[in-house]
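Visitor: Shown below is the structure under consideration.
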Amino acid sequence: MLQTINFRELARKISLVENESEGYESILKNLSFSNVPIIGITGPPGAGKSTLLNALLDIYQNKDKKIAILAVDPTSPFNYGSLLGDRIRMAKFFNNPNIYIRSLATRGSLGGLSEKIIEISDVVRSYPFDYIFVETVGVGQSEVEIAGLADTSIVVLVPESGDEVQTMKAGLMEIADIFVVNKSDREEAQKFASNLIKLCHSKESLNKTTVLKTVASKSEGIEEVVAAIDKHLSGNFENVKKPYLLAKKALKIIQKKRMQDIDQTKLLTDIKASYQKDGFNIYKFVEDVF
Ligand SMILES: Nc1nc2c(ncn2[C@@H]2O[C@H](COP(=O)(O)OP(=O)(O)O)[C@@H](O)[C@H]2O)c(=O)[nH]1
Ligand SMILES: [Mg+2]
């Protein structure tokens, strides 16, 4: 008997954590995790990440798998359209009790995004999903960080991504466990995929990343993506980035905790009262106060 997940409760918890509303810290502290794998899907805007996810959902749905999707979309007017597109595309899954979809806005800045994603995916991870997918745009620094969170990272490229591969080669190679060359219905796809395979299997490349071709909009090549995900997950690869990401996160929590006791108004009052006095020394002041 399949266990149903309380999506309403999950959604409420995510909102509390997302907005740092009262009580969110206690929610985080009381989470108990199961080992739900997190799969990151990243790549340039328009590459077909959402379309690919949609096609993956069809397959997982037939296998009665429970899936959560966290889609991170920068809130810019340009991306609003893509969010809307995703909504329409994924509408057929909205009432599915096995599929939870949540869009997360980045509110213009990417700062702090990865931190929030860690917290939110931790909330999701406390529910018995089979897989959690996190879709993010681009391959910038924050995606590298998010890759630390994921057990398997998929980088979606399109045949026109030649420049991206050139400029972000190092970063891309570093984060991708699976490359998906989407829009393989286009002419240049075969050549692009062959070049990518060569790159992945060259001497410099440490991990021989799998390269797959898909036409997400026609659900072609998707079974192979499902198989590659499971193969990678069962390979027990050590995620070397994860401890670094968690150490950074721990540091932020410690900073926040330590700062909690500091009354900034009182600090200012104390400084005002003493800074003009003879012999005032800011370093000594801090040492005496803390
Ligand atoms: N020709 C072609 N178009 C595709 C394919 N996959 C997605 N698209 C289209 O590419 C556009 C962007 O797709 P989307 O999934 O929103 O990209 P995302 O920004 O990476 O999530 C949409 O209009 C899709 O219909 C494909 O395999 N072939
Ligand atoms: Mg998308």
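Coordinate-derived values only; no laboratory data. It should be emphasised that the depicted structure is a prediction, and the values quoted were computed from it without experimental measurement. Here Cβ is always computed from backbone atoms with ideal geometry, including for glycine, and neighbour counts include all displayed protein chains.
Visitor: Kindly put Ser274, Ser34, Ser126 in sequence by how many other C-beta atoms sit within 10 Å of each C-beta, fewest to most.
Guide: Ser34, Ser274, Ser126
Visitor: Next up: Where a Cα-Cα gap under 23 Å defines reach, which lysines qualify for Lys277, not counting those fewer than 8 residues away within the same chain?
Guide: In chain and number order, the partners are Lys266.
Visitor: Here's a follow-up. On a 24 Å Cα-Cα criterion, which of the cross-link pairs Lys249/Lys284; Lys49/Lys218; Lys66/Lys92; Lys63/Lys241; Lys116/Lys183; Lys252/Lys272 come out too long?
Guide: Over 24 Å apart, Cα to Cα: Lys249/Lys284; Lys63/Lys241; Lys116/Lys183; Lys252/Lys272.
Visitor: Assign one of three labels to segment 248-289, namely rounded, prolate or oblate, based on the Cα gyration tensor with a ≥ b ≥ c the square roots of its eigenvalues; rounded applies when a/c is under 1.5, prolate when it is not and a/b is larger than b/c, and oblate otherwise.
Guide: Taking the square roots of the gyration eigenvalues as a ≥ b ≥ c, segment 248-289 is prolate.
Visitor: Hey, another quick one. What does the charge count near Ile27 come to, summing +1 for each Lys or Arg and -1 for each Asp or Glu among other residues with Cβ under 14 Å from its Cβ?
Guide: Value of the local net charge: -2.
Visitor: For Asp261 and Ala91, compute 0.36 nm times the residue count separating them, minus their Cα-Cα distance, and round to one decimal in nm.
Guide: In short, 56.5 nm is gained.
Visitor: If you don't mind, another one. At a 10 angstrom cut-off on C-beta neighbours, averaged per residue, how do the peptides 147-154, 35-42, 60-67, 237-244 rank from highest to lowest?
Guide: 147-154, 35-42, 60-67, 237-244
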